[in-house]
1. List the number of the failed condition for residue 38; all other conditions in (1) outside any helix (DSSP H, G or I); (2) without any contact (Cβ under 8 Å) to a residue 60 or more places away in the chain hold.
2. Hey, could you check the stretch 1-29 for residues that are part of a loop (DSSP other than H, G, I, E, B) and in contact with a Leu (Cβ under 8 Å, 6 or more places away or on another chain) and say which is surrounded by the fewest Cβ atoms within 10 Å (Cβ to Cβ)?
3. Among the residues of the stretch 45-68, how many are farther than 11 Å from residue 9 by Cα and of a type in the set (Lys, Arg)?
4. Confirm whether residue 127 is β-branched (Val, Ile, Thr), loosely packed, with under 14 Cβ neighbours inside 10 Å and more than 27 Å from residue 35 (Cβ to Cβ).
5. Can you find a residue that is part of a loop (DSSP other than H, G, I, E, B) and surrounded by 14 or more Cβ atoms within 10 Å (Cβ to Cβ) anywhere in the stretch 43-54?
6. In the stretch 61-78, which residue that is touching a helix residue (DSSP H, G or I) at 6+ places or on another chain (Cβ under 7 Å) and in a loop (DSSP other than H, G, I, E, B) is farthest from residue 111 (Cα to Cα)?
7. Quick check on this structure: which one of 38, 47 is at pLDDT below 95, more than 17 Å from residue 115 (Cα to Cα) and not acidic (Asp, Glu)?
8. Could you please find all residues in the stretch 102-124 being under 17 Å from residue 75 (Cα atoms), among the polar types (S, T, N, Q) and surrounded by fewer than 16 Cβ atoms within 10 Å (Cβ to Cβ)?
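The values are calculated or read from the model by the stated rules, or taken from the named source; none is laboratory data. None of these values were measured; they are calculated from a predicted model. As a convention, Cβ positions derive from the backbone with ideal geometry for all residues, glycine included, and neighbour counts pool all protein chains shown.
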Amino acid sequence: MARANVLLVDDEVPFVETLTKRLSKRGLDITPAYDAKQALAKLEESQTIEVVILDVKMPEIDGIEALRRIKTAYPLIEVIMLTGHATVESAIEGMKLGAFDYLMKPCDIDELISKVDQAAARRQEHVEKIMQARIKEIASRRD
């Protein structure tokens, strides 16, 4: 099974570079972004990103606002929130806005990969259901 295409968003450059290497070695296709504006631009450019790993605490546009914008523009993309500054409030807010899950930094690499795989599988399920619904709709027009 092909591994997911992931957008990794964090303002800590060494963290992004290290995690990109570690996740790439495990077969994930990683696109790095160093702030929310860059992440939103990369989502606009790419049709292949399935999962976003998104830091909560970032300058200018924080992770919660970025999540809101991502889910509005790209509702099928799954978002995993990642933070070293977890608060119950931000976790609840993120989940209400449609985050797939919420992990604390530093997180276990195997747990993160497992969450990415689960998120990508959920996205694929949603895509397939939409396609099936469209096929039924087209077929019903012919009857």
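1. (1)
2. That would be 3.
3. Within the stretch 45-68, residues that are farther than 11 Å from residue 9 by Cα and of a type in the set (Lys, Arg) number 1.
4. yes
5. Yes, the stretch 43-54 has at least one match.
6. Top of the filtered list is 61.
7. The match here is 47.
8. 124
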